Amino acid sequence: MAVVNVPIWAVCMLRVALATVYFQEEFLDGERWRNRWVQSTNDSQLGHFRLSSGKFYGHKEKDKGLQTTQNGRFYAISARFKPFSNKGKTLVIQYTVKHEQKMDCGGGYVKVFPADVDQKNLNEKSQYYIMFGPDICGFDIKKVHVILHFKNQYHSNKKSIRCKVDGFTHLYALILRPDLTYEVKIDGQSIESGDIEYDWNLTSLKKMEKFSAESKDWDQAEGDKSQDWEKHFLDASASKPSDWNSELEGDWQGPMLQKPPYQDGLKPEGIDKDVWLHQKMKNNYLTEYDLSEFENIGAIGLELWQVRSGTIFDNFLITDDEEYAENFGKATWGETKGPEREMDAIQAKEEMKKAREEDEQELLMGKFGGQEDTFQRFHRRDEL
């Protein structure tokens, strides 16, 4: 059999074709982003966004993103996309965030909303499916939030996941898999992973709901069985008559019991409750409690508070393919992270040089200023 050599670029193109990209935003078309993103008008005091690559960057155009512009404000903005369900699929939420202002207190997270979210009225009470990303405030709070909406409640990951606190751009990715495992990545490196059911403290809730479901189903089973017990149970103690002719009359069927053996709250004979429940519930209960599946995902947004503004959000991605997300991260953040730090280092040197020159100038002025002060003091003393 001949071996066919497939070029790497062809494999990459095939992978891209297999991936489903639900949302991707790089802000490469200038001010047209305003046609896709909707600013909330819920409160006249909400802060505004602008498109900016910041004071230092790796690429002036590629690093442009949504930047907060006003101190001490709430922010609320969102973008829609075609609604989808991640049932039975991997869900990857990824974006970059840069706290250029050296965040002291404020959010840098994103929220994923159901398709029916009211964008014009977006606020802190708007229901969301997922909240993910860094939150910083003082010395105590420097964490990555991973909050999931389940059974009409919000549930936080019980593990402490530390976020980046410097002023550079960082790549954040959340992966929710159909086997109920998850992974959190920062800058392409896995920093936390595990089982959704246990790391979100959902085990007790799930057990409670299961117990309730079992009781309800068993009660229903008891009712169903007791209603037509006579149709299903024969008198096993009865014997075939001696004159029964099987060839002429067929197989002998024992007489039906006039009253079921199940009565007065007693367990029906011949039925294994656990086996019956397992058969009844395996197609209902297990699929009902998918802890990371959402039926109507349709928007992503920024709904947060910042004391000092200046954060830049960019390179948003929602997909079902982990490899696509990894390659997208490398092609965006991966290409500009190095040059960004180089530009920051150059600016830092220039600022240090300027500060040193200013200090020297102040020292020089201080010497002459000191002599003048001495003269003035003696002059005043003479006057006295």
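The values are calculated or read from the model by the stated rules, or taken from the named source; none is laboratory data. The structure displayed is predicted, hence computed values, not measured ones. Note that we place each Cβ from the backbone using ideal geometry, even for glycine, and neighbour counts take in every protein chain shown. These accessible areas exclude ligands, DNA and RNA; they are computed on the full protein's heavy atoms, side chains included. Shrake-Rupley method; radii C 1.70, N 1.55, O 1.52, S 1.80 Å.
Structure above, values below:
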| item | result |
| --- | --- |
| Residue, farthest from G167 (Cα to Cα), within region 18-65, restricted to residues that are of a type in the set (G, A, S) and free of Cβ contacts under 8 Å to residues at least 60 places away in the same chain | S44 |
| Residue check, Y154 at negative phi, in a strand (DSSP E or B) and either touching a Leu at 6+ places or on another chain (Cβ under 6 Å) or at pLDDT below 95 (or both) | yes |
| The listed residue being modelled with pLDDT of 95 or more, in contact with a Phe, Trp or Tyr (Cβ under 6 Å, 6 or more places away or on another chain) and surrounded by 13 or more Cβ atoms within 10 Å (Cβ to Cβ), out of L257, L304 | L304 |
| Number of the exception - F132 against (1) crowded, with 16+ Cβ neighbours inside 10 Å; (2) over 23 Å from Q67 (Cβ atoms) | (2) |
| Some residue of region 196-213 being surrounded by 15 or more Cβ atoms within 10 Å (Cβ to Cβ), in contact with a helix residue (DSSP H, G or I) (Cβ under 9 Å, 6 or more places away or on another chain) and modelled with pLDDT of 95 or more | no |
| Only one of S160, S126 that is within 17 Å of N201 (Cα to Cα) and in a loop (DSSP other than H, G, I, E, B) | S160 |
| Complete set of residues in region 67-99 that are open to solvent by less than 30 Å² (accessible area, probe 1.4 Å) and either in contact with a Cys (Cβ under 8 Å, 6 or more places away or on another chain) or not in a strand (DSSP E or B) (or both) | N86, T90 |
| When residues of region 145-172 are limited to those that are more than 13 Å from D199 (Cβ to Cβ) and of a type in the set (A, V, I, L, M), the one surrounded by the most Cβ atoms within 10 Å (Cβ to Cβ) | L171 |
